[in-house]
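Please read through the structure below; I'll follow up with questions.
The values are calculated or read from the model by the stated rules, or taken from the named source; none is laboratory data. Just so it is clear, the structure is predicted and the values come from calculations on it, not from any experiment. In this analysis, Cβ positions are derived from the backbone assuming ideal geometry, glycine residues included, and neighbour counts consider all displayed protein chains.
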Amino acid sequence: MGLTKDHRLQQVLFTIFLLLYVACLLGNGTILAVILAEPRLHTPMYFFLGNLSCLDICFSTATVPTVLSGLLIKHQSISFIGCLTQLHFFHFLGCSETVLLGVMACDRYVAICNPLRYTVIMNKWACVTLAGATWAIGFFYALMHTVVTSQLCFCGPKFVSHLFCDIKPLLMLACSSTTLNFILLKLVTGSIAIWPG
């Protein structure tokens, strides 16, 4: 019995996503292991690169397994709490990564423009504080969207036409007003996206 064209396409997509996911895990895991194992890499730049690798692993893990199972199972279901949890982690890790890239740019700016004072400015306490602030900003940004979205009423077809639970496809299913959601999405997300630039 031969495979249909759609089935073969799904298999190819599954293989591509799986290989990219494994490459992401192996590459970022190797970066983390090398940074932790080599004392000469315990500098601010590599500290932030280690944080970025950790965020990349978590960010990929928040969505790719759902995408892979969606390619295997035609009509995949997820609970409302599960969808909100995935939405929270997707935005938490994505926002944290964006803010961290801005922090890394500031670190390089200090290294280039103030090379003699770099070790004083970017000391261990400053690096840990900046990394902690990065993760906290992402967490509270995602929490804001998760809480506001959880207050909406949903009716009609409860089918998210997306590979994972993202905020815009979820808002399309809401019966109540989503004005506040879209205002927060545009203002807060816009300001976070513009800040690193």
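What helices (runs of 4 or more DSSP H), lying completely within region 42-152, carry at least 2 residues that are within 26 Å of Val22 (Cα to Cα)? Working first, answer last.
Values: elements: 44-72, 80-113, 118-121, 124-150.
Of the helices (runs of 4 or more DSSP H) lying wholly inside region 42-152, those with at least 2 residues that are within 26 Å of Val22 (Cα to Cα) span 44-72, 80-113, 124-150.
Kindly list the number of the only condition in (1) under 15 Å from the mean Cα position of the chain (by Cα); (2) buried (at least 18 other Cβ atoms within 10 Å of the Cβ) that fails for Asp107.
(1)
Being polar (S, T, N, Q) and farther than 30 Å from Phe154 by Cβ: is that true of Thr43 here? Full working, then the answer.
Working: polar (S, T, N, Q): yes; farther than 30 Å from Phe154 by Cβ: yes.
When the stated conditions are applied, Thr43 passes them.
Going residue by residue through region 155-162, is there one that turns out to be out of contact with any helix residue (DSSP H, G or I) (no Cβ under 6 Å at 6 or more places or on another chain), free of Cβ contacts under 8 Å to residues at least 24 places away in the same chain and either part of a helix (DSSP H, G or I) or surrounded by 12 or more Cβ atoms within 10 Å (Cβ to Cβ) (or both)?
Checked region 155-162: no residue is out of contact with any helix residue (DSSP H, G or I) (no Cβ under 6 Å at 6 or more places or on another chain), free of Cβ contacts under 8 Å to residues at least 24 places away in the same chain and either part of a helix (DSSP H, G or I) or surrounded by 12 or more Cβ atoms within 10 Å (Cβ to Cβ) (or both).
Could you figure out which of (1) under 25 Å from Tyr141 (Cα atoms); (2) surrounded by fewer than 20 Cβ atoms within 10 Å (Cβ to Cβ) isn't true of Phe90?
Phe90 satisfies all of (1) under 25 Å from Tyr141 (Cα atoms); (2) surrounded by fewer than 20 Cβ atoms within 10 Å (Cβ to Cβ) except (2).
When Val147 is evaluated against the numbered criteria (1) surrounded by fewer than 15 Cβ atoms within 10 Å (Cβ to Cβ); (2) under 17 Å from Thr98 (Cα atoms), which criterion, by number, is the only one it fails?
So Val147 meets the others, but not (2).
Just one of Phe48, Phe92, Phe80, Phe59 is touching a residue at least 24 places away in the same chain (Cβ under 8 Å) and either in contact with a strand residue (DSSP E or B) (Cβ under 8 Å, 6 or more places away or on another chain) or more than 21 Å from Ala193 (Cα to Cα) (or both); which is it?
Phe80 is the lone residue from the list that is touching a residue at least 24 places away in the same chain (Cβ under 8 Å) and either in contact with a strand residue (DSSP E or B) (Cβ under 8 Å, 6 or more places away or on another chain) or more than 21 Å from Ala193 (Cα to Cα) (or both).
Still on this model: Any residue at all in region 115-132 that is over 16 Å from Thr43 (Cα atoms), of a type outside the set (A, V, I, L, M) and exposed (fewer than 13 other Cβ atoms within 10 Å of the Cβ)?
yes
Looking at region 25-41, which of its residues are surrounded by fewer than 17 Cβ atoms within 10 Å (Cβ to Cβ) and in a helix (DSSP H, G or I)?
Result: Leu25, Leu26, Gly27, Gly29, Thr30, Ala33, Val34, Leu36, Ala37, Pro39, Arg40, Leu41.
Return a yes/no flag: does region 120-131 have any residue that is touching a residue at least 24 places away in the same chain (Cβ under 8 Å) and either touching a strand residue (DSSP E or B) at 6+ places or on another chain (Cβ under 7 Å) or closer than 20 Å to Ser60 by Cα (or both).
Checked against the condition, which is being touching a residue at least 24 places away in the same chain (Cβ under 8 Å) and either touching a strand residue (DSSP E or B) at 6+ places or on another chain (Cβ under 7 Å) or closer than 20 Å to Ser60 by Cα (or both), region 120-131 yields at least one hit.
Looking only at residues that are under 14 Å from Gln86 (Cα atoms) and among the aliphatic types (A, V, I, L, M) in region 145-192, which one is modelled with the highest pLDDT?
Going through the qualifying residues, I end up with Val147.
Out of contact with any strand residue (DSSP E or B) (no Cβ under 8 Å at 6 or more places or on another chain) and either under 20 Å from Ser77 (Cβ atoms) or polar (S, T, N, Q) (or both): does that describe Phe159? So that I can check it myself, show each step before the final result.
Details: out of contact with any strand residue (DSSP E or B) (no Cβ under 8 Å at 6 or more places or on another chain): yes; either under 20 Å from Ser77 (Cβ atoms) or polar (S, T, N, Q) (or both): yes.
Spelling it out, Phe159 is indeed out of contact with any strand residue (DSSP E or B) (no Cβ under 8 Å at 6 or more places or on another chain) and either under 20 Å from Ser77 (Cβ atoms) or polar (S, T, N, Q) (or both).
Has region 106-115 got any residue that is touching a Cys at 6+ places or on another chain (Cβ under 6 Å) and in contact (Cβ under 8 Å) with a residue 12 or more places away in the chain?
no
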